[in-house]
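These notes are about the structure you will find just below.
The values are calculated or read from the model by the stated rules, or taken from the named source; none is laboratory data. Computed from a predicted structure; not experimentally measured. Positions of Cβ are generated from backbone atoms using ideal geometry, with glycine treated the same way; all protein chains shown enter the neighbour counts.
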Amino acid sequence: MILFKTLKQLTERVLRRIGLEPLIYHYVCRKNLRRFANNDMIFLAANPGLTLPPPQLRFDVIACSSAEYYVTTGKKMADQIQSVIQKWGSPDTRVVCEWGCGPGRILFALESLDAGKTMEFSGSDMFAPSIQWAQSVPDCRIAFHLNNMEPPLSQPDSSVDFVYAVSVFTHLSDTLSRAWFREIIRILKPGGVFWFSTHSGQQHRNELSPAQLEKLNQGQFVAIHSWHNGSQMYTGIHCPALMKEIVIASGAELLEYQPGGNNIFQDAWIVRKRP
Ligand SMILES: C[S@@+](CC[C@H](N)C(=O)[O-])C[C@H]1O[C@@H](n2cnc3c(N)ncnc32)[C@H](O)[C@@H]1O
C-alpha cells in the first residue's frame with residue numbers, strides 16, 4: 001500500500017513537471033464519473049425536483065461528481081455562511097455575493113434559506129461552463145456573472161454587504177490573491193464582511209519539497225501543481241502569517257481566524273471593511 005502510494009505520488013510529480021497534469025485530472029475525473037454513476041441515478045430518482053449541473057461540472061467544482069455529495073455539502077456550507085451573516089453581518093445585510101461560485105452549489109442553497117425573498121444574491125466565476133449552466137436555470141433569482149482571471153468584478157464600489165469565497169484563494173497565486181483581496185474590499189460597503197477560506201499548508205506538508213517547506217516556514221507563499229491559476233490543478237498555500245499580512249495590507253479588520261474552519265481541510269477567515 002505504502003509502495004503504491006509512493007509510486008503514485010512520484011508519477012504525479014513527474015507528469016506535473018513535464019506539464020502533463022491534465023492527464024491525471026481527466027483520468028481521475030473519468031474514474032470518478034464511473035464510480036458515482038449508479039448512486040447518482042438512485043439519488044436523482046429519489047429527489048426528482050433537483051436541478052443539478054452535469055457530473056463533469058460537479059467534478060470541476062468540488063473534485064467529486066457525486067450528486068448527493070454536491071447537494072449535502074452545498075446545503076451544509078450555505079448553513080455555515082448563513083450563521084456567519086447572522087453573527088457578523090449588520091442587521092440590514094441584503095446584498096450578498098459569492099466570488100468563485102462555480103455553478104452555484106452554495107448560492108442556490110443559500111437563496112432557498114431566504115424565506116422572505118428580501119435579499120439580493122449574485123455570483124461570479126471565471127469558469128464559463130459553470131456560469132453558463134447557472135444562468136440557464138429557470139426562474140432563478142440569482143444574478144450570475146462571468147469574470148476574468150484578474151479583477152475587476154462587475155459590482156460598483158461599496159455596493160455589497162457580504163461576500164464569501166469558498167476555496168478560491170486556494171487556486172490562486174500570491175499576486176492574484178492580493179489583487180483579488182483588494183477587489184473584494186472595493187465592492188464591499190464600509191462595515192461589510194468577507195468570509196473566505198485558504199490552505200494553511202498543514203494538509204500538504206508531505207507533498208512539498210524541502211525548499212517549499214522552508215518557504216512555508218518563513219511565511220512565504222507556496223504553490224503545488226504546475227497547471228494554471230484558478231484551476232483545480234493549481235493549489236495555492238497561504239500560511240496564516242502570510243494571509244494576515246494580506247488582510248492588514250488591504251486595510252481591512254480581521255474579525256476571526258478559524259484554523260480548519262472550512263470542513264477541517266481549510267482555514268476560514270472573516271474580515272470587515274473598515275467603516
Ligand atoms: C474549488 S471551486 C469552489 C467553487 C464554489 N465556491 C463551491 O464551493 O462550490 C473554485 C472555484 O473558484 C473559481 N475561480 C478560480 N479563480 C477564480 C477567479 N480568479 N475569479 C473567479 N473565480 C475563480 C473556479 O473557477 C472554481 O469555480
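For segment 150-172, indicate whether the set of residues that are over 12 Å from the mean Cα position of the chain (by Cα), in a helix (DSSP H, G or I) and near the ligand (Cβ under 9 Å from one of its atoms) is non-empty.
No; the residues of segment 150-172 include none that is over 12 Å from the mean Cα position of the chain (by Cα), in a helix (DSSP H, G or I) and near the ligand (Cβ under 9 Å from one of its atoms).
Name the pairs: first residue in segment 124-139 and in contact (Cβ under 8 Å) with a residue 12 or more places away in the chain, second residue of a type in the set (Val, Ile, Thr) and assigned to a helix (DSSP H, G or I), Cβ to Cβ under 7 Å, at least 6 apart or on different chains?
Pairs found: Asp125/Ile131; Ser130/Val61.
Could you tell me which of the residues Glu68, Glu12 is modelled with pLDDT under 80 and of a type in the set (Asp, Glu)? Even if it seems obvious, please write down each step before you answer.
Working: Glu68 fails: modelled with pLDDT under 80.
Criteria check complete, one pass: Glu12.
Going residue by residue through segment 99-107, is there one that turns out to be surrounded by fewer than 21 Cβ atoms within 10 Å (Cβ to Cβ), in contact (Cβ under 8 Å) with a residue 12 or more places away in the chain and either under 25 Å from Phe194 (Cα atoms) or not acidic (Asp, Glu) (or both)?
no
What pairs can you find where one residue is in segment 198-226 and assigned to a loop (DSSP other than H, G, I, E, B), the other is buried (at least 18 other Cβ atoms within 10 Å of the Cβ) and of a type in the set (Phe, Trp, Tyr), and their Cβ atoms are less than 6 Å apart, with a gap of 6+ or different chains?
His225/Tyr234
Looking only at residues that are part of a loop (DSSP other than H, G, I, E, B), in contact with a strand residue (DSSP E or B) (Cβ under 9 Å, 6 or more places away or on another chain) and not charged (D, E, K, R) in segment 89-103, which one is nearest to Leu254 (Cα to Cα)?
Filtering first and then ranking leaves Gly89.
Within segment 230-263, count every residue that is within 16 Å of the ligand (Cβ to nearest atom) and either within 24 Å of Tyr69 (Cα to Cα) or within 13 Å of the chain's Cα centre (by Cα) (or both).
Filtering segment 230-263 for residues within 16 Å of the ligand (Cβ to nearest atom) gives 230-238, 246, 261-263.
After this cut, where a residue has to be either within 24 Å of Tyr69 (Cα to Cα) or within 13 Å of the chain's Cα centre (by Cα) (or both) as well, the list is 230-236, 261-263.
Residues flagged as within 16 Å of the ligand (Cβ to nearest atom) and either within 24 Å of Tyr69 (Cα to Cα) or within 13 Å of the chain's Cα centre (by Cα) (or both) within segment 230-263 amount to 10.
Take the conditions touching a helix residue (DSSP H, G or I) at 6+ places or on another chain (Cβ under 6 Å) and away from the ligand (no atom under 11 Å from the Cβ) and apply them to Arg182. Does it pass? Please lay out each step first, then the result.
Details: touching a helix residue (DSSP H, G or I) at 6+ places or on another chain (Cβ under 6 Å): yes; away from the ligand (no atom under 11 Å from the Cβ): yes.
In short, yes.
Take the residues in segment 77-131 that are away from the ligand (no atom under 11 Å from the Cβ) and among the basic types (Lys, Arg); name whichever of them is farthest from His145 (Cα to Cα).
Here the residue is Lys87.
Take the residues of segment 132-149 that are within 11 Å of the ligand (Cβ to nearest atom) and in a loop (DSSP other than H, G, I, E, B): which is surrounded by the fewest Cβ atoms within 10 Å (Cβ to Cβ)? Spell out the reasoning first.
Of the residues in segment 132-149, the ones within 11 Å of the ligand (Cβ to nearest atom) are 134, 145-149.
From the residues that got through so far, the ones that are in a loop (DSSP other than H, G, I, E, B) too are 147-149.
Numbers: Asn147: 18, Asn148: 9, Met149: 12.
Out of the qualifying residues, it is Asn148.
Could you figure out which of (1) under 18 Å from Ser136 (Cα atoms); (2) within 11 Å of the ligand (Cβ to nearest atom); (3) out of contact with any strand residue (DSSP E or B) (no Cβ under 9 Å at 6 or more places or on another chain); (4) of a type outside the set (Gly, Ala, Ser) isn't true of Tyr70?
In the conditions (1) under 18 Å from Ser136 (Cα atoms); (2) within 11 Å of the ligand (Cβ to nearest atom); (3) out of contact with any strand residue (DSSP E or B) (no Cβ under 9 Å at 6 or more places or on another chain); (4) of a type outside the set (Gly, Ala, Ser), Tyr70 misses (1) alone.
Can you tell me which residue among Thr198, Thr175 is β-branched (Val, Ile, Thr) and at pLDDT below 95?
Being β-branched (Val, Ile, Thr) and at pLDDT below 95 holds for just one of Thr198, Thr175, which is Thr175.
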